[in-house]
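Q: First the structure, which I've put down as structure tokens, then a few questions once you've had a look.
What follows is calculated from the coordinates using simple rules that are stated; it is not laboratory data. Since the model is a prediction, treat every value here as computed from it, not as a measurement. Virtual Cβ from ideal backbone geometry, glycine too; neighbours counted across all protein chains shown.
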Amino acid sequence: MQEVSLQAQLKQLLLPTFAKRHLELATAYEAEQRSHVEYLGALAQEEIEHRLQARIARLMKDAKLPRNKHLEDFEIERIPGLSRSLIENLASGNFTNSYENILIFGNPGTGKTHLSIALARRWCLQGRKVYYIGAANLVQILLEAKQNLKLKQLIQKFDRYEILLIDDISYIPFDKNETDVLFQLLSERYEMRSTLITSNLPFGKWSTLFKDEITTAAVIDRLVHHSTILELNAESYRISAAKSRKKSSLSFVEGV
């Protein structure tokens, strides 16, 4: 019987870190006269960490986050009444255990997308499955799937994600076909999976999006039940930054 090398055996067992690091660690642990159990434990821990990092990398890629936003960079103190402890609690991802939703409202430039992406990034780092998509794009994808008789399969695909992040349900008035497919998706996720939605429009104005009052009420009812609502009532970050730059420029000119 042909002898198989340890390197080949480890690769066959799908232990790439073992295969890569076993000789180097063995030499180090022998030099320090540490036990075989300690050596094996360290090697196993490196394998675990490697797999975790690889899984996180896959989750981040699969999430399709459009930008790399960090929760630490979100200026919570700019938003009156917004609790840091609440944001950290949401960042823990525990709300997904009871399939709760997060709804973030606010004027343009108040940080809704930043906050939602930053939260999504945290959830990915915890090993949770998240998917980001703009509302207008989502509706078109759902509508195309319905036309191709594949809507059920697409909704099942979205069901793989613990948290579906729908960004910017605003401005675009949906026609009945678009309303129907979006309502179907949200209904399927109700009390089964969590959804995060951002919007510039408060619920009181959603009838301008969905047109039909019954559908509007039904959508809101499913979203609000078991949900956390965040209202980012602050001046646009971009406008505030522009004012600060203008003020700095005037101060510089006056000082010259």
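Q: Please build a GNM for the chain, connecting alpha carbons under 10 Å apart, and tell me which residue among S85, S98, S207 fluctuates the most.
A: The residue that fluctuates most here is S85.
Q: Same structure, new question: Springs between alpha-carbon atoms under 10 Å, Gaussian network over the chain: tell me which of E178, E231, E38 tops the mean-square fluctuations.
A: Fluctuation is largest for E38.
Q: While we're here: Name the residue, out of R21, R193, R84, whose mean-square fluctuation peaks in a Gaussian network model built on the chain with Cα pairs under 10 Å.
A: Looking only at R21, R193, R84, the largest GNM fluctuation is found for R21.
Q: Quick one, could you list the DSSP H helices from the chain stretching 15 Å or more along their long axis (Cα atoms) with average Kyte-Doolittle hydropathy of -1.0 or above? All intermediate terms of the calculation are to be shown ahead of the outcome.
A: Numbers: long enough: 16-31 (24 Å, -0.33); 36-63 (40 Å, -0.38); 112-125 (20 Å, 0.25); 135-147 (18 Å, 0.58); 176-189 (20 Å, -0.64); 213-224 (16 Å, 0.99); 237-255 (27 Å, -0.58).
Passing helices, by number: 16-31, 36-63, 112-125, 135-147, 176-189, 213-224, 237-255.
Q: DSSP loop trypsin sites (Lys or Arg not before Pro) in segment 126-188 with at most 11 other Cβ atoms within 10 Å of their Cβ, which ones?
A: R160
Q: I would also like to ask the following. Put +1 on the Cβ of each Lys and Arg and -1 on the Cβ of each Asp and Glu in the chain; which of H70, G134, T228 then has its Cα farthest toward the positive end of the dipole?
A: Value computed over the given set: G134.
Q: Evaluate the relative contact order of the chain (contact order divided by residue number), counting alpha-carbon pairs under 8 angstrom at least 6 apart; express in whole percent.
A: Numbers: 321 pairs, mean separation 61.6, N = 256.
Dividing the mean separation by the residue count of the chain yields 24 percent.
Q: Compute, for segment 64-240, the length of the dipole vector about the Cα centre, with Cβ point charges of +1 (Lys, Arg) and -1 (Asp, Glu) only. Units Debye, rounded to 20.
A: 580
Q: Within straight cross-link reach of K20, meaning Cα distance under 21 Å, which lysines are found once same-chain residues fewer than 8 apart are removed?
A: Filter leaves K11.
Q: What does the charge dipole of segment 6-62 about its Cα centre add up to, to the nearest 20 debye, if the Cβ of each Lys and Arg holds +1 and the Cβ of each Asp and Glu holds -1? Walk me through the numbers before you get to the answer.
A: On the way: 8 positive and 8 negative charges, 75 e Å.
The calculation lands at about 360 debye.
Q: Among (i) 74, 68, 29; (ii) 57, 43, 32; (iii) 65, 59, 31, only one was calculated for this model; which label is it, if the read-out is Cα extents along the principal axes in Å?
A: Calculated Cα extents along the principal axes in Å: the matching label is (i).
Q: Which part of segment 23-39 falls in the paramagnetic zone of Q7, meaning amide N under 20 Å from the point 7 Å along Cα-to-beta-carbon?
A: Only 23-29 fall inside the zone, counting backbone N under 20 Å.
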